[in-house]
Amino acid sequence: MIKLAIYGKGGIGKSTISSNISAELTRRGMKVMQIGCDPKADSTSLLCGKRIPTVLDLTREKGSRLTLDDAVYESPSGVVCVEAGGPVPGVGCAGRGIINALETLKKLGAYDVYKPDVVIYDVLGDVVCGGFSMPMRKGYADKVFVVTSGEKMSKYAAANICMAVENFRDRGYASLGGIILNRRGVRDEDEQAKELADDFHTSIIGTLDRSEEIQLADEQQKTVSEAFPECKAAKQLSLIADGVLASFK
Amino acid sequence: MKNASKMIPCYSADTAGVCSAMYELGGMTVTHDASGCNSTYSTHDEPRWYDIRSDIFISALTEMDAIMGTDEKLISDTVKAAEDLHPKFITLCGSPMPMMTGTDFDAIAEEVERRSGIRTFAMHTNGTHSYIDGASEAMLAVVTEFVNECPKADGIGVNILGMTPLDFKWRGTSDLMKKWLGESGLEYISCLAMGSTLDEIKNAASAKVNLVVSYAGMASAEYMKDKFGIPYVCGVPFGIRAAESLADTIKKAAESGSSVLLAERSTDTCDTVIIGESINAVFLSSALYQELGISSSVICPLPTETRLLNSCDAEYLAEEDIEKALKELSPKTVIADPLYKSVIPKGTRLIGLPQFAFSGRCFEKHMPDLIYTDIKEYFK
Ligand SMILES: Nc1ncnc2c1ncn2[C@@H]1O[C@H](COP(=O)(O)OP(=O)(O)O)[C@@H](O)[C@H]1O
Ligand SMILES: [Mg+2]
């Protein structure tokens, strides 16, 4: 079982890229499970065409009667989708929410029942507390991929994530799988991304250009490969999926 | 509000269960919690505190530690203490605050083990579960780590699993258990974890049968059944006749190799209700039937499994559910810890059976000896 986590600044394209990788690998015959670990709970909307109920909301509603069937939604394309969920903005503890949701999934035996070949954790960008490092802990993701553009704040968040991964090296947590460059068209963007990768002794495993098709597909709540299979973005995303797989070899 | 206890106390928490299970085994137990909390886990809940030495520590977690996530202090303090004390193993326990901040005890335990060279267990306690869960996890860790295949003892060797002072009267019980085993022609191998050394427990695989005396011992019993093929028998040797029949059950299990979970109970309508830990309560019910002809049902307010209970028994965790059930059953007699008094209907007779995990030291002096002892007088 390949287990990976996608991190990066808010809005940088984590869910878009995660969903497209999931859809692509599913098309290639793998069983993929995508777990949204962001209180926004919109990780899997492109795959499901709608919002799905979250583990935390369901736990609150059903308590110990919660079953795997309640929490897991299989998308029309065959991706096994889960959203951890979290509190509404401004209250509660989102980090603790991620821990609780992931522990619940494990307790319910999600990984044993669905036996996925690939698990993708799509995690909220800034690793501001212990909860958001949960997906990189032992037993969860084995590799972390960081999505960034050449923009300053995006690189800053990416560097923080890489640093967290480095700090946890002695703990048997996930290692850095590589950087995914989602271009925003800033000056010297590729060089800047390369510099970041070098700083953390990793590499750029894939790149994605700014794309109108991605936005149009987003409006239709579809993955771009589904809406515009022939476009450049779809091809780039397929190469990103290759890059992810290759880094596990 | 469901599960809020308004009148009765709550049972000792998971952390107390770990501390209690590990108390006599020569390890060092560290709870990651605010300074002062040690008294909750290990003095109030621990009758051995003034009599037997045990290396139990609190990490003195501060607000700043929690905010900054400084696990390093816990790790280095633990390693330093271990260098001075040379414990046989180390156990790390969580509490509510580290639960909220998501402290990774598995990773911390690995780090402590690497630096100290001493086997370190991470317990997944957080103070919100019962002592049964904590004791169960601790006992399973000990068995998994320290019990290895070894030659069988000559006679019918027996381990006692799941015994802590939280469920059993500390003074006297071990002697009575050994006396009962000896007079029944059974051989005492070890007791997890009251009155045995770690060395005795290391020999546990030489036993032919495991006796599970509380649900805290169940996970260890299941493990040893899978790993060493040792069958288990659930039961507590209350009374004389019932104790003798339990000894017979053990002998049969030694011969057949199959486990026995259920007790001999009456199926008549019950005018007596016993409230308590499942295996204790069920086997007290059985003993009352065998010795006095009393039919009783059990209310279990602690973690257990339905397969251990009869159809007339019930698992209720919330105070209001227990109160309601008692009203509906309207029994003549309730046997329970004296602090259950406030939820028992007026006019119902209460026979107090103090339990350390429920009322701590309050009634310690009034705890009766019921193991391999005539119980007729006490429950008359
Ligand atoms: N390469 C791209 N070209 C155009 N739009 C993009 C691209 N990558 C992401 N987007 C858009 O950016 C928005 C945020 O993306 P999303 O995947 O939800 O980010 P995150 O999950 O990181 O918060 C979405 O509307 C998405 O369609
Ligand atoms: Mg997202």
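The values are calculated or read from the model by the stated rules, or taken from the named source; none is laboratory data. No experiment lies behind these values; they were computed from the predicted model shown. We place every Cβ from the backbone using ideal geometry, glycine too, and count neighbours over all the protein chains shown. Note: areas computed on protein heavy atoms with side chains; ligands, DNA, RNA excluded. Shrake-Rupley method; radii C 1.70, N 1.55, O 1.52, S 1.80 Å.
Being within 16 Å of ligand 2 (Cβ to nearest atom) and either in contact (Cβ under 8 Å) with a residue 60 or more places away in the chain or closer than 16 Å to A:Ile161 by Cα (or both) is the filter; apply it to the stretch A:186-217 and report the residue that is nearest to the other protein chains (Cβ to nearest Cβ).
Residues of the stretch A:186-217 that are within 16 Å of ligand 2 (Cβ to nearest atom), as a first pass: A:208, A:214-215, A:217.
Next cut, either in contact (Cβ under 8 Å) with a residue 60 or more places away in the chain or closer than 16 Å to A:Ile161 by Cα (or both) only: A:208, A:214, A:217.
Working: A:Leu208: 32, A:Ile214: 34, A:Ala217: 35 Å.
Looking at residues that are within 16 Å of ligand 2 (Cβ to nearest atom) and either in contact (Cβ under 8 Å) with a residue 60 or more places away in the chain or closer than 16 Å to A:Ile161 by Cα (or both), I get A:Leu208.
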Across the stretch A:69-93, the tally of residues that are open to solvent by 30 Å² or more (accessible area, probe 1.4 Å), within 17 Å of the chain's Cα centre (by Cα) and within 14 Å of another protein chain (Cβ to nearest Cβ) stands at 0
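Considering only helices (runs of 4 or more DSSP H) fully contained in the stretch A:8-68, which possess at least 2 residues that are farther than 23 Å from A:Cys231 by Cβ and either within 16 Å of ligand 1 (Cβ to nearest atom) or open to solvent by 10 Å² or more (accessible area, probe 1.4 Å) (or both)?
Numbers: elements: A:14-27, A:45-48, A:55-62.
Ranges flagged: A:55-62.
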| request: Examine the stretch A:126-139 for a residue that is open to solvent by 10 Å² or more (accessible area, probe 1.4 Å), more than 14 Å from chain B (Cβ to nearest Cβ) and more than 15 Å from ligand 1 (Cβ to nearest atom), and state whether such a residue exists. | output: no
Output for Cβ contacts, cut-off 8 Å, separation at least six or different chains, first residue more than 10 Å from chain A (Cβ to nearest Cβ) in the stretch B:60-72, second among the basic types (Lys, Arg) and open to solvent by 30 Å² or more (accessible area, probe 1.4 Å), reads B:Asp65/B:Lys73
Residue count, the stretch B:341-374, condition surrounded by 22 or more Cβ atoms within 10 Å (Cβ to Cβ) and either outside the structural domain of B:Ile299 (by TED's automatic domain parsing) or touching a strand residue (DSSP E or B) at 6+ places or on another chain (Cβ under 6 Å) (or both), comes to 2
Going through (1) at negative phi; (2) within 13 Å of ligand 2 (Cβ to nearest atom) one by one, A:Gly13 fails only at (1)
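Which one of these is away from ligand 2 (no atom under 15 Å from the Cβ), touching a residue at least 60 places away in the same chain (Cβ under 8 Å) and of a type outside the set (Lys, Arg): A:Ala23, A:Ala5, A:Ala71? Don't jump to the end; show me each part of the working.
Details: A:Ala5 fails: away from ligand 2 (no atom under 15 Å from the Cβ); A:Ala71 fails: touching a residue at least 60 places away in the same chain (Cβ under 8 Å).
After ruling out the rest, the residue left standing is A:Ala23.
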The strands (runs of 3 or more DSSP E) lying entirely within the stretch B:103-222 that contain at least 1 residues which are surrounded by fewer than 23 Cβ atoms within 10 Å (Cβ to Cβ) and outside the structural domain of B:Leu74 (by TED's automatic domain parsing) are B:156-161, B:186-192
Discussion item. On the basis of being surrounded by fewer than 24 Cβ atoms within 10 Å (Cβ to Cβ) and within 16 Å of B:Val213 (Cα to Cα), does B:Ser259 make the cut?
Written reply: yes
